[in-house]
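> Got a structure here, written out as structure tokens. Questions coming.
Computed from the coordinates by the stated procedures, all read-outs in this text should not be read as laboratory data. A quick note: this is a predicted structure, and the numbers were derived from the prediction, not measured. FYI the Cβ positions are ideal-geometry reconstructions off the backbone, even for glycines, and counts take in every protein chain you see.
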Amino acid sequence: MKKLYSVQYLRACAALLVLFAHAFSYQIGADAPVIVTAGRLGVILFFVISGFIMVYISGNGPFSAPAFLKRRAIRIIPLYWIFTSLAALLAALLPSLFQTTVFTWPHYLQSLAFIVHEAPGGGGGSPLLSLGWTLNYEVYFYIVFAALAFLSVTSRVSVLTAFFVAMWLAGLIAAPANPVAEFYLGASPLAFVIGTWIGRRHLDNGFAYDTSKTALLCLMAGAGAAIAFVDDGTRFMGQISFAGQVMWAASLLVLGLVLEPRLKHWNLLEQLGDASYALYLSHIFVIGAVAYLARRIVGYEHPATVLLVSVVSIVAACIASLVIHKLIEKPLLRILNGKKKLKYSPVPYAAGGK
């Protein structure tokens, strides 16, 4: 499978958006709407990429659902279990470090199994590692996608679309207050759906370069970003904001595919794209560690300190993710894949605030 550098670069950008959002919100001590939306943009970009990649790697015809799910499990479970277990250990031994995260064995085991449930301690529907809510959506999408493995790609994407649109419409009508129902009836899976249609189009003839098309995609991405920030907290405007987020992410993905043959090879961005899953899962621990050290060493008396600590957190998280990817993630994948040289099969994941 040909490696798409544009997708790797966008995965890096998605992870960095989430990192920026969490780094600054953690230091400020509040979830400013602009920061939350920036993180959400990163999440939606990951979801759109995920939908695209699943179609891209599964091809035009039917495929083996068990083999597909096995590959996905090998790719996402090991690192997620490691960081979920780390969060569980910290929550059990140092509960004062957390605001809503509470360790219980049922909560821990359900989180490991990607079972969406109501979290103890006022955590809503988040798993024990709160970032894992996006992985719950990934697994949800994988299962539905695999259930349609017997269909051709066009039929598969069409049925997938009908299913997730129906679930979303049911959520609009029912307006569930239960976090589990809210999860399954939410709009987020529609971002995967858009990605699958982009993947379907890419399998046909790809996206040829065209100056006017490139300009239009840039305008659409800009308009989508502007719409994404209109969220005022109401349900209606939240849906409008979500539409803008998806428009932004989809436009960027198509733009990247259009420019793919012309892209320069940026090694650092490619490496961050490769390590984006490790960055997503590990960054919150790095941010917390840097903040703890900063409070003990320099304090937070000056506003400039907040900015400095945020920047240090971002750099440290990027470095840590590269190390984790090289020393932990890649060796684990080699072992679980039978020590064969890994082919390109990126984790299309990640995330930010809900």
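> What do you get for the angle between helix 133-147 and the principal long axis of the chain? Use alpha-carbon atoms, 0 to 90 degrees, nearest ten.
That works out to roughly 20 degrees.
> Now for a separate question. Per-residue HN-Hα couplings for region 207-212, Karplus 6.51 cos²θ - 1.76 cosθ + 1.60 at θ = phi - 60°, whole Hz, x for Gly and Pro?
10, 6, 6, 8, 4, 5
> Mind running the shape call on region 73-188? Use the C-alpha gyration tensor, a ≥ b ≥ c as the square roots of the eigenvalues: rounded below 1.5 for a/c, prolate if a/b tops b/c, oblate otherwise.
Oblate shape, in that a/c is at least 1.5 and b/c is the bigger or equal ratio.
> Counting only helical runs of four or more DSSP H residues, what would the 222 nm mean residue ellipticity of the chain come to if each run contributes -39,500 (n - 2.57) and the total is spread over all its residues?
-23500 deg cm²/dmol
> A follow-up question, please. For a quick protection proxy, order the peptides 40-52, 241-253 by their average other-Cβ count within 10 Å, most packed first.
Working: 40-52: 28.9, 241-253: 23.3.
Packing proxy ranking, top to bottom: 40-52, 241-253.
> Now for a separate question. Specify whether the C-alpha gyration tensor of region 131-289 places it in the rounded, prolate or oblate class, a ≥ b ≥ c being the square roots of the eigenvalues: rounded for a/c under 1.5, otherwise prolate if a/b is larger than b/c and oblate if not.
On the way: a/c = 1.39, a/b = 1.21, b/c = 1.14.
Rounded, since a/c falls under 1.5.
> For region 193-200, take each phi angle, set θ = phi - 60°, evaluate the Karplus expression 6.51 cos²θ - 1.76 cosθ + 1.60, and give the result in whole Hz per residue in order, putting x for glycine and proline.
Each residue of region 193-200 in turn: 4, 4, x, 5, 5, 5, x, 4 Hz.
> So what is the relative contact order of the chain, in percent, for Cα pairs below 8 Å that sit 6 or more residues apart?
Values: 508 pairs, mean separation 111.4, N = 354.
Computed value for the chain: 31 percent relative contact order.
> Pairs of Cα atoms under 8 Å, at least six residues apart: use those to get the relative contact order of region 88-161, whole percent. The partial results should precede the final answer.
Values: 70 pairs, mean separation 14.9, N = 74.
Taking the mean separation of contacting Cα pairs over the length of region 88-161, I get 20 percent.
> Could you calculate the contour length gain from residue 293 to residue 180, that is, 0.36 nm times the residue separation minus the distance between their Cα atoms, to one decimal place in nm?
Details: separation 113, 0.36 × 113 = 40.68 nm, distance 3.69 nm.
Gain in length upon complete extension: 37.0 nm.
> From the Cα gyration tensor of the chain, with a ≥ b ≥ c the square roots of its eigenvalues, which class applies: rounded if a/c is under 1.5, or else prolate if a/b is larger than b/c, or else oblate? If you can, show how the numbers build up before the last one.
Details: a/c = 1.32, a/b = 1.29, b/c = 1.03.
Here the chain falls in the rounded category.
> For labels at residue 154 and residue 71 in the simple 7 Å Cα→Cβ model, what's the distance in nm?
Modelled inter-label distance: 2.4 nm.
> For residue 2, go through the aspartates and glutamates and keep the ones whose alpha-carbon is under 20 Å away, minus same-chain ones fewer than eight residues off.
Straight-distance partners of residue 2: 204, 260, 270, 274.
> For residue 270 and residue 230, compute 0.36 nm times the residue count separating them, minus their Cα-Cα distance, and round to one decimal in nm.
That pair, residue 270 and residue 230, stretches by 11.2 nm at full extension.
> I'd like the FRET efficiency for residue 305 and residue 96, computed as 1/(1 + (r/R0)^6) with the beta carbon distance as r and R0 of 25 Å, rounded to 0.05.
Details: r = 23 Å, r/R0 = 0.91.
E(calc), rounded to 0.05, equals 0.65.
> Relative to the present Cα-Cα distance, how much length would full extension add between residue 60 and residue 243 at 0.36 nm per residue of separation? Can you show the working numbers first?
Working: separation 183, 0.36 × 183 = 65.88 nm, distance 2.79 nm.
Contour length minus the Cα-Cα distance gives 63.1 nm.
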